[in-house]
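The values are calculated or read from the model by the stated rules, or taken from the named source; none is laboratory data. Bear in mind that the values here come from a model prediction, so they are computed numbers and not experimental data. Using ideal geometry, Cβ is built from the backbone for each residue, glycine included, and neighbour counts are taken over all protein chains shown. Note: accessible area is taken over every heavy atom of the protein model, side chains too, but ligands, DNA and RNA are not part of it. Shrake-Rupley method; radii C 1.70, N 1.55, O 1.52, S 1.80 Å.
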Amino acid sequence: MAGKHVWQRRTTTRQLLIWFGWLLLVAIFVACWMYISNRTEWFFVYDAPRIAGDIFSRATPPRWSYIEKLWEPLWDTLNVATIGTALSLIFAIPVAFLAAKNTTPSVTFVRPIALFLIVSSRSINSLIWALLLVAIIGPGILAGTIAIALRSIGFCAKLLYEAIEEINTTQVEAISATGARQSQVISYGILPQIMPALAGITVFRWDINIRESTVLGLVGAGGIGLQLQSSLNILAWPQVALILLVIFIAVIVSEWISAMVRKAII
Amino acid sequence: MSDAQVVRHWRKPPTIERAWLRYGLLLLTLVYLYFSVGSYDVNWARVAEGLDRGWAFIKAFANPDFVSRRSDFIEGMTESIIMTVTSTVVGIIISIPIALGAASNLAPLPVYLFCRAIIALSRALHEIIVAILMVAIFGFGPLAGFITLSFATIGFLSKLLAEDIESMDKAQAEAVKATGASWLQWINYAVQPQVMPRLIGLSMYRLDINFRESAVLGLVGAGGIGATLNTAFDRYEFDTAAAIIISIIVIVMVLEYSSSLIRGWVQ
Amino acid sequence: MLRITNLSKRYKTGDDALKGVSLEVPDGQVLGLIGPSGAGKSTLIRCVNRLVEPTTGTIDLNGAQLQRLGSRKLRKARRRIGMIFQEYALVERLTVMENVLSGRLGYVGFWASWFRKFPQDDINEAFRLLERVGLDHMVNKRADELSGGQRQRVGIARALIQNPELLLVDEPTASLDPKTSRQIMRLICELCEERNLSAIVNIHDVALAQLFVQRIVGLQDGKIVFDGPPDSLDSAVLTQIYGEEDWEATTIDDTQTDKHSLELSGE
């Protein structure tokens, strides 16, 4: 083939490797799918459209009068999210300072502990925290609030320590150069720089927490989820429909508020 | 150096300039705190009683029990992992066309609104709520969990991907269009290279989230380790619960580490 | 009087930034430190107040051995050393007044500084200094609303409110236009004269240095290669410091020096 330029995007070996990678992915997927399929009563699944239609027809129209009983749980849900977020910040801020490379007292000793706290808090879903706290301190919104707080510590601390690591260091140097003590260097040199990030993270997590706290009631940790659970237990679908609608609206409103606040900060 | 010293006062200017707004917000916060904290009706005797159990739970972490519920444990974990993998793959595949449809610079208005509606619905409904409905419709088992997580993945990925497409470099996109490429060729040559690194990064992140979520779906019968965990808590078998929680943390750490590796490798 | 003896600095990367530098700065002298990028100018002045820890050598400021001080005594010593930075290094989200007052942090307790309760004397002095640098009308402006020249004036006020015995000035004009550069250099030199203050000024711009300082020290590869009055700088010396180049247009004779036109705003 003299005189002809052959152009290929990748070399042949590389191309083969990529094809092999895709093949492996497909094989894994098929194997996983077989597993799920074996554990599924396909008889029910074929019937699913009819069941879905059935549920839908029973759930409509929603039982509007039930809203009377939802105001209080909704108030509880709001409190669980708000107080939980506030509590989490009390712990998240120090943890973030211990985890950030440029503020931690010890990179080899303290930082790994702080990072481990963060990843543990983040790994455990707030429902699991709630499950645990209900077992320990009994059902109620206190358990829910603490569950939300525990889950949020990791989230807020992670975003915050990333913000701390990105600050401008000469501003901090300038404050140290005046002979300020370490606490003053933090309050004058670092805090003003991370305030916008902190405020943004707080409303962002608050918005997520509203969504999370709507379901905590399913495990007995208070809020509107409690009503959802009891309505489901007695198969009161019109009530379920109303509750889902209320949750939907609450989440949309909180997302809107959080977006507004974040826009105002930036 | 000082000639007739004039005393001049200085106070830090308030963050919110308008006084009525400043005090109004403060008052509102205090009133809210008063009523919200007041609404907590805590049974302190019950809490005190629980502290022992809390301590027992913390001690259980020193001595986790992986053995006594071994078969439940293995089955639950396998199911969680399998649901995570399948739902992430299916979620990605479906979310790509929806992301294209939800990008205002690509899609016509009706398509845009339809895709945005799907995204809003998926994001507003908590996974557990979706799982309850899916269990009601498809029956107990991992299929319900798989569908739930796929649906949640779609909302998450499509939204972030669509935002990424909307903020892509226009000049590159126009240059490819100017060559007379067809729509699909245009997506392939102008859009895909720009958003691919982010798509991979987001997918890895979602894999991580899906695993964490899969651990709770079992609470409502949608498969995974959650059911075993729930039973363990119900029976106060804290050592088994600790074993499960430790496994979840370890797997999440491994996923986070490998996702940071892959993201570094892609960029 | 500042006396630096045999100062060396080796960074963790293995780079020798300073190789046995010895230098004496008598009270009231403004010293210009010139040299190519990477010659160790910045390291030298940062070693004086130990923002960078020197490896060997001694730094003696009016009898105190700075290199030996523990962290508490170091803070006390830093209170008497003012520093002015290249990119101004103001805390951008704080007001002009807060930035100036931050120069007094070493004298004020944590909670007093947290609630911005500085002694009235400090506030009077801050107002006086802001008047002196021509910014008394911008007391409550946020630092990020100011222009470059204004920011550097705030930086100067912050250093001077420390009532320092020594001023360390790191490239004060590198981010400024030529006219503002001259104004800032003139301001620094005037203030040093008023207070009989000694200063080390790192500076890139050789002509600007010649115009204002009383003594010039040339640093090259971590060693002092020139030390003398500004008018003894000639092409040969510059070649020694910076390397081969046509230097005719760079240096200025006394005859060319324009001592008119540029007026300091605020006077």
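Roughly how far apart, in whole Å, are the Cα centres of the stretch C:131-202 and the stretch B:105-164? Computed from Cα coordinates, the inter-centre distance equals 58 Å. Working ranking of peptides B:219-225, B:81-87, A:28-34 by packing, defined as the average number of other Cβ atoms within 10 Å per residue, highest first, is B:219-225, B:81-87, A:28-34. Between amide H atoms placed 1.01 Å from N, distances below 5 Å from residue C:32 occur with C:201, C:214, C:215, C:216, C:217, all of them 5 or more places distant or on a separate chain. Inter-chain Cβ neighbour count for C:37-50, averaged per residue, equals 1 (cutoff 10 Å, partner chain atoms only). Ranked by the mean number of other Cβ atoms within 10 Å of their residues, highest first, the peptides C:126-132, A:217-223, B:211-217 fall in the order B:211-217, A:217-223, C:126-132. When a 1.4 Å probe is rolled over the protein heavy atoms, the share of accessible surface on chain A that falls to carbon and sulfur comes to 71 percent.
Compactness of the protein assembly as shown was expressed as the Cα radius of gyration divided by 2.2 N^0.38 Å, which yields 1.19. Rounded to the nearest angstrom and listed largest first, the equivalent-ellipsoid semi-axes of the stretch B:178-267 from its Cα gyration tensor are 42, 16, 5. Projected label points at residue A:37 and residue A:106, each 7 Å from Cα along the beta carbon direction, are separated by 5.6 nanometres. Think of a 1.4 Å ball rolled over the protein heavy atoms: chain B then has 53 Å² of accessible area per residue. Near residue B:159: Cβ cut-off under 9 Å, other residues only, Lys/Arg at +1 and Asp/Glu at -1. The net charge is +1. The mean number of Cβ atoms from other chains found within 10 Å of a Cβ in peptide C:74-85 is 3, as a whole number. Largest GNM mean-square fluctuation among C:108, C:133, C:169, using chain C with Cα springs under 10 Å: C:108. Of the residues C:15, C:121, A:54, the one with the largest accessible area comes first in the ranking C:121, C:15, A:54, computed with a 1.4 Å probe on protein heavy atoms.
Once the 1.4 Å probe is applied to the protein heavy atoms, the stretch A:30-189 comes out at 45 Å² accessible per residue.
Taken about its Cα centre, the stretch A:68-265 carries a charge dipole of roughly 280 debye when the Cβ of each Lys and Arg holds +1 and the Cβ of each Asp and Glu holds -1. Using θ = phi - 60° in the Karplus curve 6.51 cos²θ - 1.76 cosθ + 1.60, the 3J(HN,Hα) couplings for the stretch A:173-188 round to 4, 4, 5, 4, 5, 7, x, 6, 7, 4, 4, 6, 4, 5, 6, 9 Hz; x is entered for Gly and Pro.
Estimated from helical segments only, the mean residue ellipticity of chain A at 222 nm is -25000 deg cm²/dmol, where each DSSP H run of four or more residues counts as -39500 (n - 2.57). Eigen-decomposition of the gyration tensor built on the alpha-carbon atoms of the stretch A:1-68 gives equivalent ellipsoid semi-axes of 54, 19, 12 angstrom, largest listed first. For the stretch A:203-210, 3J(HN,Hα) computed residue by residue from phi via the Karplus equation (6.51, -1.76, 1.60; θ = phi - 60°) reads 5, 4, 5, 4, 4, 5, 5, 4 Hz, glycine and proline entered as x. Taking amide H as placed 1.01 Å from N in the peptide plane, the amide H of residue C:226 sits under 5 Å from that of C:218, each at least 5 places away or on another chain. Averaged over the residues of B:87-94, the number of partner chain Cβ atoms lying within 10 Å of the residue Cβ comes to 1. Judged by the mean number of other Cβ atoms found within 10 Å, the most tightly packed of the peptides C:140-150, B:10-20, A:85-95 leads the ranking A:85-95, C:140-150, B:10-20. For the stretch C:108-262, the Kirkwood estimate of hydrodynamic radius, built from reciprocal distances between every pair of different alpha carbons, is 17.7 Å. When chain A is treated as a GNM with alpha-carbon contacts under 10 Å, the residue of A:15, A:239, A:227 showing the greatest mean-square fluctuation is A:15.
Which whole-number value in Å³ per residue fits the convex hull of the alpha carbons of chain A? Output value, Cα hull per residue: 287 Å³.
Using the alpha-carbon centroid of each, what span in Å lies between the stretch A:53-116 and the stretch C:21-90? So the two Cα centres are separated by 49 Å.
Report summary: the helix-based calculation at 222 nm, which adds -39500 (n - 2.57) for every DSSP H run with n ≥ 4 and divides by the residues of chain B, gives -25500 deg cm²/dmol.
Count charges around residue A:156 for me, please; just the other residues with Cβ under 14 Å from its Cβ, Lys/Arg as +1, Asp/Glu as -1. Local net charge: +1. For q = 0.12 Å⁻¹, what log10 I(q)/I(0) does chain B give under the Debye formula with an equal point scatterer on each alpha carbon and no solvent? Relative scattering, expressed as log10 I(q)/I(0), comes to -0.93. Could you tally the net charge around residue B:235, taking each other residue with its Cβ under 13 Å from the Cβ of residue B:235, Lys/Arg +1 and Asp/Glu -1? Counting the neighbours of residue B:235, the net charge comes to -3. Taking amide H atoms as placed 1.01 Å from N in the peptide plane, the amide H of residue A:221 lies under 5 Å from those of A:140, each 5 or more residues away in sequence or on another chain.
Across chain C, C-alpha contacts under 8 Å between residues 6 or more apart give a mean separation that, scaled by the residue count, equals a relative contact order of 26 percent. With each label modelled as a point 7 angstrom along the Cα→C-beta vector, the residue A:11-residue B:34 pair spans 7.6 nm. Rounded to the nearest whole Hz, the Karplus-based 3J(HN,Hα) values (6.51 cos²θ - 1.76 cosθ + 1.60, θ = phi - 60°) of the stretch C:51-66 follow the sequence 5, 10, 7, x, 7, 9, x, 10, 10, 10, 10, 6, x, 9, 7, 5, with x at glycine and proline.
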